[in-house]
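Below is one structure, written out as structure tokens; the observations come after it.
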Amino acid sequence: MPLFGLGTWKSKAGGALETSLRTAFECGYRHIDCASAYSNEDSVGKTFQEVFAEGNVTRDDIWVTSKLFNKDHARVRDACQQTLKDLQLEQLDLYLMHWPAVSGCEGPTLKPSIKETWQDMERLVDDGLVKSIGISNFSAKKTKDLLSYARIKPVANQVEVHPYHRNSTVVEFCQAQSINITAYSPLGSNDSEKMFGREGIPKILDNETVCRVAAELGWTPAQVLLRWSLQKGFATIPKSTNPQRIIENIEVLGLELPAEQFEKLNSLSFQIRMLDGNFTTGENTPYPTIRELWDDEV
Ligand code: NDP
């Protein structure tokens, strides 16, 4: 998997997304992170076709990830085929279970179970619809459960990681199991409403340490965060639809964060989970609160 990718959540289908994908391909991105839940896969697929037709980038040059959404666990194959149709691809490089959650479940049990959903995803690999499968938003505990029965081991766990959420328990567990950590929201999901109303605590792109390191090195704060992510051993998938930022972000492939500055970013005391998954929780559901969703891991 190319370790540097373009995120597409909140990238509105249409011209801006199409231009941003073109910019990304031109400046060297070869990994695109998609999901049916982002409601823009048809727009991504249209651009893929145009770009492939122009001949500078081929299907084999790029890595495409998509995700099975919570409402689709009982129809894994259909959902995957719809994504393939929207993306205008014959095969995905990686298909992730987006959340360990199923829409509309009442009571304490997930229906279908994670095991049943995973087995359906394994059949997608057997049948060649996807090259590999993985998980997303799985705690270490849920990952360990899955490993106890998985016939095909997940290649990646895509989770939120940045210096404001080091997410150490799951990161250390997966890295010890050789499961790639793909860091989502590596810039702290910059426009997250989560930070509003937190008196005195800036967004991570405005954090004092991040900005000081950026000034010392002559980089931008975003570059500091992305380089930290890569040097932690993660694949990282910043989202932007701004061509200048798309270029700025991938420039980190040619940079190196010195050990001293890397350590400073490893020890920010303020920690927060921006994407807490509260939309998957509720009374009389398998995850009554977010504690059950994340198994109390930080
Ligand atoms: P990011 O941390 O990537 O931040 C994106 C925000 O940062 C946007 O507002 C973007 O604005 C801005 N930005 C991008 N580059 C810069 C820059 N150089 N300087 C300043 N601001 C910048 O957030 P996301 O939450 O989007 O995470 C990235 C990707 O991870 C998603 O797009 C998605 O593909 C994936 N993801 C997966 C999840 C999962 O459940 N598996 C959950 C969340 C995300 P602009 O576009 O205007 O540049």
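When residue 200 is tested against (1) in a loop (DSSP other than H, G, I, E, B); (2) within 18 Å of residue 266 (Cα to Cα), exactly one condition is not met: (2). When the stretch 213-237 is limited to residues that are touching a residue at least 40 places away in the same chain (Cβ under 8 Å) and over 19 Å from residue 2 (Cβ atoms), the one that is farthest from the chain's Cα centre (by Cα) turns out to be 216. Restricting attention to the stretch 121-131, the residues being farther than 17 Å from residue 88 by Cα and surrounded by fewer than 20 Cβ atoms within 10 Å (Cβ to Cβ) number 5. The set of residues in the stretch 265-281 that are over 30 Å from residue 71 (Cβ atoms) and surrounded by fewer than 17 Cβ atoms within 10 Å (Cβ to Cβ) comprises 266, 267, 269, 270, 271. Among the residues of the stretch 202-215, those that are in contact with a helix residue (DSSP H, G or I) (Cβ under 7 Å, 6 or more places away or on another chain) and open to solvent by 40 Å² or more (accessible area, probe 1.4 Å) comprise 203, 211.
Restricting to the stretch 96-152, give me the number of residues that are within 17 Å of residue 276 (Cα to Cα) and within 16 Å of the ligand (Cβ to nearest atom).
Number satisfying all stated conditions: 13.
Tell me, which residue of the stretch 77-116 that is touching a Lys or Arg at 6+ places or on another chain (Cβ under 6 Å) and under 18 Å from residue 282 (Cβ atoms) is least open to solvent (accessible area, probe 1.4 Å)? This residue is 100.
Conditions (1) without any contact (Cβ under 8 Å) to a residue 40 or more places away in the chain; (2) farther than 25 Å from residue 109 by Cβ; (3) away from the ligand (no atom under 16 Å from the Cβ), marked per residue:
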residue	(1), (2), (3)
239	no, yes, no
243	no, yes, no
252	no, yes, no
256	yes, yes, yes
260	yes, yes, yes
270	no, yes, yes
286	no, no, yes
290	yes, no, no
298	no, yes, yes
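The values are calculated or read from the model by the stated rules, or taken from the named source; none is laboratory data. Small disclaimer: the values here were computed from a predicted structure and weren't measured. Glycine also receives a Cβ, built like all others from the backbone with ideal geometry; neighbour counts cover every protein chain displayed. Please note that ligands, DNA and RNA were not included when accessible areas were found on the heavy atoms of the full protein model with its side chains. Shrake-Rupley method; radii C 1.70, N 1.55, O 1.52, S 1.80 Å.
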